[in-house]
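Notes follow once the structure below has been shown.
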């Protein structure tokens, strides 16, 4: 079994190849399909090699090109508990008037339950199981492989666990930690491995953005222009922020209703670790 990280959007996505089948874990935002295909080519992979697409949760930055990928042949492997959520982001892309977005068709689904996931994965040569891990969203799932690899989507990183005592996030992590994972693949943070003290150590770390510095003021200004309906290029001219940062703020603001400016800063910091 091999794991290949695909870098083509602001969301970390992973190609997991078993002896009898291949799973793509998560996708990027709508409009990234061409970049996705180029990245596959650069990694010497082809779309036709993918058998199933597994979505950690149906927020727009994780399922944005799922419909386009499924149209090319792969089935969307979905847990039955996720069924009510597969079109939950359609309205967001509609508001953005995103001409690239293709909704997921029910004809492209392969529906199973989490308790049947191990048997299904074994049938395609992947030893592991899918676990229901609510906390970030009610439809969130994680994928554990018996080699110690753990894919958690947007479940809050383990190093934040002290901040979430008594919540679904803690309950989900307690469930996952029983598997004794050795490597954690996040949706936006850098991949982490366990050190000798049994806590994950991030592979890279950048400087923290201070909540009382330019970062806070800049995010506040970007949000103000998002609310006014400005596009990315116009916001760049108004604020001087780079395109990737504006797109990150826009995505977090749209997909996490009610999120605070500090909450956005925290997520940017997590992504850059």
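The values are calculated or read from the model by the stated rules, or taken from the named source; none is laboratory data. Keep in mind it's a predicted model, so treat the numbers as computed, not measured. Positions of Cβ are generated from backbone atoms using ideal geometry, with glycine treated the same way; all protein chains shown enter the neighbour counts.
Here are a few things to note about the model shown:
- Cross-chain or 6+ apart pairs with Cβ under 6 Å, region 86-105 first and at positive phi and modelled with pLDDT of 90 or more, then surrounded by 15 or more Cβ atoms within 10 Å (Cβ to Cβ) and not in a loop (DSSP other than H, G, I, E, B): none
- Sole exception among (1) touching a helix residue (DSSP H, G or I) at 6+ places or on another chain (Cβ under 6 Å); (2) modelled with pLDDT of 85 or more for residue 209, by number: (2)
- Failed item, numbered, when residue 66 is tested on (1) touching a residue at least 60 places away in the same chain (Cβ under 8 Å); (2) crowded, with 18+ Cβ neighbours inside 10 Å: (1)
- Residue-level check: of (1) closer than 30 Å to residue 191 by Cβ; (2) at pLDDT below 85, residue 222 misses just (2).
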